[in-house]
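First up is the structure itself, then whatever we jot down about it.
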Amino acid sequence: MAAHLLYGDSFLVSQALRALEAEHGAADLLEANTHRLAAAQAKPAELLSICLALPFMDSCRLVVIDGLLALGERQSGRAGGRTRGGGRASGGSGNILGEWQAWAENIPGMPETTLLIFKDGPLADTNTLLKSFLKAAQPHHLTAPGGEGLARWIKTTAGDKGTGISPAAVKSLMELIGNDLWTLDRELEKLALYASGRNIEEDDVRQMVSQAKEANIFSAVDAMIGGRPGIALDLLRQLKEDGREAPYIIGMIGRQLRLMALARDLTERGVPQGEMGKRLGVPSQYAVQKTVEQARRHSGEDLSWRYRRLLATDLAIKRGRLNPDLALELLVAELAGG
């Protein structure tokens, strides 16, 4: 049996691991022939001993190591015992890294009965351990799809859950969630149950997907800082009808203003929009795009003034000087007129 290296998107890696285990009947293996180790638990000599042992009363011995190559990536700046400045690194991290690099050379000589799987998240091409293990293990670099590939993934996943999905619903999910496959899978499961045998439509997404209920925040903030108080109030009332209380809405507006300020700073520093989501802590590409668009239309001073007004409103509510609903309407009027 070959050794396998699964790395990349965590959802796809988990799927690939389940598929490999099912292919080799891992569910029926004796406990003595199943070994699942985190990187911190794995010791080179002990792991080699496990991998070289023949299975007991089974046709296969399963060995899964989680996060080993990522551990090497965190130490890659000290790989070979050297710091980035070229000097010798302190401690034994370089020796440990070297041990695992050498350990990979044992893989081709392992028994055919050993199914060895390394499971990791995204890895850089410069990862020292990755380079070593690629020579001995079968690589499976699994990246989350985008564009048309993501649309096909959503359609296929909906079909696997026993339902169809309209192109408009697919587009809406892509805009709201992006390529966060864990969230997409969870929301498609919920939508399939809600649709109950019929196609999932765009209106179902608006009704059921949690991100859709927050999408009006972008429009509300746009209306507020764009001088359209009537539209802003209508959108905020809609959020309240969905069960969102005034303090929650104020908190969401504050969060969006902070994201806009940070997005403006990142844009001025030349950070590509493709990297913005990670820097902002926002997984949805739709949310990132809307935030960057909003930030470009307003100066840092303008955003700072609006944020200070929001903090003053929040303080007035907490001190009992203003009713929350009234405070929210006054805030909308002030921000829209500023």
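Worth a mention:
- Cα coordinate range in region 164-268, projected on the principal axes (Å, largest first): 44, 34, 22
- For the chain, the antiparallel share of DSSP beta bridges with both residues in that region comes to about 5%.
- Global form of region 211-337, assessed from the alpha-carbon gyration tensor, a/c cut-off 1.5: prolate
- Net charge of neighbours whose Cβ lies under 11 Å from the Cβ of L5, counting Lys and Arg as +1 and Asp and Glu as -1: +1
- Assigned charges on the beta-carbon of Lys, Arg, Asp, Glu; the chain dipole about Cα centre (debye): 1260
- Violating pairs (Cα-Cα greater than 24 angstrom) within the set K161/K240; K43/K278; K155/K240; K240/K290: K161/K240; K43/K278; K155/K240
- For the chain, the longest principal axis of the C-alpha atoms and the axis of helix 10-23 are separated by about 40°.
- Global geometry of region 103-157, whether rounded, prolate or oblate, following the gyration tensor of its Cα atoms and the 1.5 cut on a/c: oblate
- Among A53, L134, T114 the positive-end extreme of the charge dipole of the chain (Cβ point charges): L134
- Kirkwood hydrodynamic radius of the chain, from the reciprocal of the average inverse Cα-Cα distance over all distinct pairs: 23.8 Å.
Coordinate-derived values only; no laboratory data. Bear in mind the structure is a predicted one, so any value in this text is a computation, not a measurement. In this analysis, Cβ positions are derived from the backbone assuming ideal geometry, glycine residues included, and neighbour counts consider all displayed protein chains.
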